[in-house]
Amino acid sequence: MNKFYLSIAVLCASLCAGGACAQEPVRRVYTLDEIFALADRNSKSLRPSFTAIDEAREAVRVAKNDRLPDIDASLSFSYLGDGTMMERDFTQVERAPMPHLGNNFALEVSQIIYSGGAVSNGIAIAQLQEENARLDWAKDRNKVRFLLAGYYFDLFKQLNLIKVYEQNIEQTRQLLKDIRAKQGEGLALKNDITRYELLLSDLEFTVVQIKNTLGILNRNLVTNLGLDESVWIEPDTTLLSRTLPMGDVAYWQNEAMTNSPELKQLALAVKMNKHQDKIVKSDRLPKIALMAGNHFDGPITIEVPPIDKNFNYWYVGVGISYNLASLYKTNKAARRSKLTIRRTQERYDDASEQTALAVQAAYVRYIEAYEQLNTRKKNVELAGQNYAVIENRYKNELSLITDMLDASNAKLSAEVQLANAQIDIAFNYYKLLYLTGTL
């Protein structure tokens, strides 16, 4: 019995160990292209857009059904009661026997051959709506990709920051060690040690905050990508060494006018409203259809007395219908349709202008990011030189601890800004891709 319990305990321990191992973080480097590919396959935010495309595709098929003939068939059986005949003044009532079994079968077919353009324009609108659904998907994909790029670059920034802070923590600990040694020689005050201990405490707490931020960003990424929570995404460090395209502002604005899903959708809206205007105008035109039918009825009740026989007849012909009310109703609808087209065109013009302004602003920030990087590199160099000078002077008792604190803070700030500046270039480039609809 003891061996049995021992075996159970060993099995449980092995399972627990396996579960613990399964929860260990799996670190893997993902490029942005891989991130985007995973999002296209797994992002729940894009699934409604996929479904909307299928829905719009079916709507086109439904609209094309209007080109097909209409076929009506009916079959009925009935019991006919006896009739009653009387004079117009309701006198001389007389019973009129009727055949009691009634039957009716009718088959009617009609095919529209001219509808004033209502059918063809309805199909055109459905096809444009399908294209609009695809643009909805492209727009949503663009947004999801930019969101993930933001998480990705934030993750990059935080990883760079934690390296900078850990380096500064190591330097601060070394400096504390030197100050404590000086205190033992009577060359430093307890207050100097306290100041650097406070600085070290703040740096260590900042590292904790950065690690928490890294966990949040990683969770956001793996959730949107459909990955397991144990996966830890590492950014592709080669991204910062790539030469990103420049181009001028005219190039980027042309890209936006050509590829922006929002502008394409507004252009489609103008086209759809124009087709809707043609449908409105079609009310003023006659509708022409081919018709054919066959009727098989019995008994023949139009004769007195009724004839207890079946009667079959068929017909073919052309039917023309015209809505006379359209002469005074369609004008108002047509004016409204024209205003709708104008409003949609005005929205397109405004969106084009705002997109051009947004692209220009993003381009300025993109160029500015390169200038900022050069400035940050120079600042790091100067801050490092200043720190070395102050540190040397402090060791030779030619400067105060406050000078060391100021130099250390300036060096830390310069290194943090440099880490951010390197990421800002790539982020502003991807923002341009997002605004132009080419992400």
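Any read-out appearing in this document is the output of simple, stated calculations on the displayed coordinates, not a laboratory observation. Small disclaimer: the values here were computed from a predicted structure and weren't measured. Because the Cβ atoms are built from the backbone with ideal geometry, glycine has one as well, and the counts that use them run over all protein chains shown.
The stretch 81-102 and the stretch 277-292 have Cα centres separated by 46 Å. The orientation-averaged shadow of the Cα convex hull for the chain, equal to a quarter of the hull surface, comes to 48.5 nm².
Computed from point charges on the beta carbon alone (+1 for Lys and Arg, -1 for Asp and Glu), the dipole magnitude for the stretch 84-239 about its Cα centre is near 680 Debye.
Once you reduce the stretch 200-222 and the stretch 40-77 to the center of their Cα atoms, the two points are 49 Å from each other.
Specify whether the C-alpha gyration tensor of the stretch 312-439 places it in the rounded, prolate or oblate class, a ≥ b ≥ c being the square roots of the eigenvalues: rounded for a/c under 1.5, otherwise prolate if a/b is larger than b/c and oblate if not. Judged from the Cα gyration tensor, the stretch 312-439 comes out prolate (a/c at least 1.5, a/b above b/c). Each Lys and Arg Cβ is given +1 and each Asp and Glu Cβ -1; about its Cα centre, the chain then shows a dipole of about 660 debye. Loop-located chymotrypsin sites (Phe, Trp or Tyr not before Pro) in the stretch 395-439 (DSSP state not H, G, I, E or B) with no more than 15 neighbouring Cβ atoms inside 10 Å do not occur. Each residue of the stretch 34-42 was assigned a 3J(HN,Hα) from its phi angle through the Karplus expression (A = 6.51, B = -1.76, C = 1.60, θ = phi - 60°), giving 5, 4, 5, 5, 5, 5, 4, 7, 10 Hz with x at Gly and Pro. Computed over all pairs of different Cα atoms, the Kirkwood value for the hydrodynamic radius of the stretch 355-410 is 13.5 Å. Quick one: of LYS190/LYS378; LYS177/LYS377; LYS271/LYS332; LYS139/LYS271; LYS139/LYS431; LYS64/LYS278, which pairs are farther than 25 Å apart, Cα to Cα? Table pairs above 25 Å Cα-Cα are LYS190/LYS378; LYS177/LYS377. Among 307-318, 199-210, sorting by the average number of other beta carbon atoms lying within 10 angstrom of each residue, highest first, gives 199-210, 307-318.
For the stretch 108-185, rounded, prolate or oblate, judged on the Cα gyration tensor with a ≥ b ≥ c (square roots of eigenvalues), a/c < 1.5 rounded, else prolate if a/b > b/c? Cα axes put the stretch 108-185 in the prolate bin. Of the peptides 43-55, 278-290, the ranking by mean beta-carbon count within 10 Å, highest at the top, reads 278-290, 43-55.
For the stretch 268-281, 3J(HN,Hα) computed residue by residue from phi via the Karplus equation (6.51, -1.76, 1.60; θ = phi - 60°) reads 5, 4, 4, 5, 5, 5, 5, 5, 5, 5, 5, 5, 4, 5 Hz, glycine and proline entered as x. What separates the Cα centres of the stretch 340-361 and the stretch 128-178 is a distance of 31 Å. Inverting the pair-averaged 1/r between distinct Cα atoms of the stretch 342-387 gives 13.4 Å as its Kirkwood hydrodynamic radius. Sites listed here are GluC sites (Glu not before Pro) in the stretch 371-413 whose DSSP assignment is loop and whose Cβ has at most 16 other Cβ atoms within 10 Å: GLU397. Using a ≥ b ≥ c from the Cα gyration tensor of the stretch 214-280 (square roots of the eigenvalues), is it rounded, prolate or oblate, where a/c under 1.5 gives rounded and otherwise the larger of a/b and b/c decides, a/b for prolate? It comes out oblate by the Cα gyration axes.
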